[in-house]
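Visitor: One structure, pasted below without further comment.
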Amino acid sequence: MATPALPNPSPLLDDAPPPEPKQRRETKVWKPKVREPAAAAAQDPDAQDAEEPEPEQDEGPEPPPLLPTDAIEPTPSGAEEDADADDSSSVSSAPDASAGGKTERPFPAATDLLHISYNQDYGCFAAGTKTGFRIYNCDPFREIFRRDLGPSPAAPDNDQALHQPPVAGVGGGGGGIGVVEMLFRCNILALVGGGDAPHYPPNKVMIWDDHQSRCIGELSFKSPVRGVRLRRDRIVVVLENKIFVYNFADLKLVHQIETAPNPKGLCSVSQQPGSIVLVCPGAQKGQIRVEHYGARKTKFINAHASRVACFALSQDGRLIATASTKGTLVRIFNAAEGNLLQEVRRGADRAEIYSLAFSNNLQYLAVSSDKGTIHVFNLKINVGLTTNDKPLPAPEADVPHMSPSFSFIKGVLPKYFHSEWSVAQFRLHEGEQYIVAFGHEKNTVAVVGMDGSFYRCQFDPVNGGEMQQLECHNFLKPSDQPQ
């Protein structure tokens, strides 16, 4: 079924006007050419020991530049939302459930959810399901659009009101999407097939243009793709033991990195224009590798004695937070120098850390784990006045004087007793996987769960304690109400 023409949305405020797109044949999907390492290094100053990964045969014509210039959702989220802004977009939004008429089409349960992730500024999140993918706005919460990429046997044939027509697949006939990576709010997304019936092969990264409702490029590999990270100028593809960095405009390979086994696809990349910092697992246990492409240097940080389970990079690329498989401590490092700035304690027993997130002002760090509690920590780090200043540990706060007869106690008591604990907590269901981010509204946290739940809560930075729940939704339903 042909996809109806979609209106052209407003461009991103910080992007140049988009160039006129070139016409392309619908019957031929191009595959990017990969240069030889010597040629790539000679042309790109960021290239470091790049190799040809897995070239494809029968390459198609050269593609037009992949410039993510058009907004997929022109209305800013949170307090920045303009009341007079046009709410039109290039995609369809979920209808209001209050509108009568047809019986609601069944929606997938949490068992159909394959992937959740935030976009780069935490204003949106994406969900990959067994039948396609969906994009949501965090504040105010609403579904922005969805794409059904495969047949849904439970769906009645006479109800097309809530979905765009299915898009023809190139996988095994299913609609499973295991990775959805947004690029802020633009029309370009990266998709990887997943689940029992993937829509695309799990070893391919498909570049999806939502203006055209189709894929305009692909990157193929010999092993399954574990993760994808996007910048406006780079595409980072994470495999089990390698990471490939591509130029966004022409999909030219500029760098590849050997890593320790990385089944979770751990990787973070900074988002500040002009300065590219990439963090990934190192080659040794407990080690992380930091690539500073602007300074053309590599830094290795021995963060933990056990394997690294999770890490996060601040958007400006200056701070790194890490957690090990033990999950009791979280450490914050200076990304440029590799020195430890602060250590905080999640708890005393082992836990699997699912996500770490810095607040935009670098004053707080949020942590989620399989224990079901969201923790917010106060960062005692002097980040300086500009992004060029080196972060330093904050001076120690004044503490009551300890008499000499008792001063030895600090040296013999376990480190547990003088650890830095979280200032605020939000308790959810133990065993569920949640990812956390700071909201655009001051002192708010957004939580998305693999059980299909979305929470927004607020913490008191002075008194701390339990956070206040502001809203709760089941984002897998078309018309949920705050619970």
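Visitor: Could you list, in sequence order, the residues of segment 247-279 that are under 14 Å from the mean Cα position of the chain (by Cα) and not in a loop (DSSP other than H, G, I, E, B)?
Guide: Ser268, Val269, Leu278, Val279, listed by residue number.
Visitor: What tally of residues in segment 191-235 results from selecting those that are of a type in the set (Asp, Glu) and either in contact with a His (Cβ under 9 Å, 6 or more places away or on another chain) or under 24 Å from Asp121 (Cβ atoms) (or both)?
Guide: Selection size over segment 191-235: 3.
Visitor: Let me ask something else. Restricting attention to segment 431-461, which residues are in contact (Cβ under 8 Å) with a residue 60 or more places away in the chain, within 13 Å of Asn137 (Cα to Cα) and either over 17 Å from the mean Cα position of the chain (by Cα) or not in a strand (DSSP E or B) (or both)?
Guide: Gly439, His440, Arg456
Visitor: Right, next: Which of the strands (runs of 3 or more DSSP E) contained wholly in segment 138-203 include at least 3 residues that are at pLDDT below 90?
Guide: By residue number, no strands (runs of 3 or more DSSP E) qualify.
Visitor: Please tell me if Leu251 is within 21 Å of Met182 (Cα to Cα) and in contact with a Cys (Cβ under 9 Å, 6 or more places away or on another chain).
Guide: no
Yes/no matrix, rows are residues, columns are (1) touching a residue at least 60 places away in the same chain (Cβ under 8 Å); (2) within 24 Å of Pro263 (Cβ to Cβ); (3) of a type in the set (Gly, Ala, Ser):
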residue	(1), (2), (3)
Ile301	no, yes, no
Val308	no, yes, no
Gly317	no, no, yes
Ile320	no, yes, no
Thr328	no, yes, no
Gly338	no, no, yes
Gln342	yes, no, no
Asn361	no, no, no
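Visitor: Same structure again: Is it the case that Lys242 is surrounded by fewer than 21 Cβ atoms within 10 Å (Cβ to Cβ), farther than 16 Å from Glu181 by Cβ and in contact with a Lys or Arg (Cβ under 6 Å, 6 or more places away or on another chain)?
Guide: no
Visitor: Now for a different question. For segment 219-230, which positions are crowded, with 20+ Cβ neighbours inside 10 Å and more than 17 Å from the chain's Cα centre (by Cα)?
Guide: Across segment 219-230, the qualifying residue is only Leu219.
Visitor: In the set Leu340, Leu379, Leu356, Leu362, which member is closer than 26 Å to His115 by Cβ and among the hydrophobic types (A, V, I, L, M, F, W, C)?
Guide: Only one candidate qualifies: Leu356.
Visitor: Being over 25 Å from Ser306 (Cβ atoms) and either of a type outside the set (Val, Ile, Thr) or in a strand (DSSP E or B) (or both) is the filter here; which residues of segment 225-246 pass it?
Guide: Of everything in segment 225-246, those that are over 25 Å from Ser306 (Cβ atoms) and either of a type outside the set (Val, Ile, Thr) or in a strand (DSSP E or B) (or both) turn out to be Val228, Leu230, Arg231, Arg232, Asp233, Arg234, Ile235, Val236, Val237, Phe244, Val245, Tyr246.
The values are calculated or read from the model by the stated rules, or taken from the named source; none is laboratory data. Values in this document were obtained by computation on a predicted structure and should not be read as measured data. Positions of Cβ are generated from backbone atoms using ideal geometry, with glycine treated the same way; all protein chains shown enter the neighbour counts.
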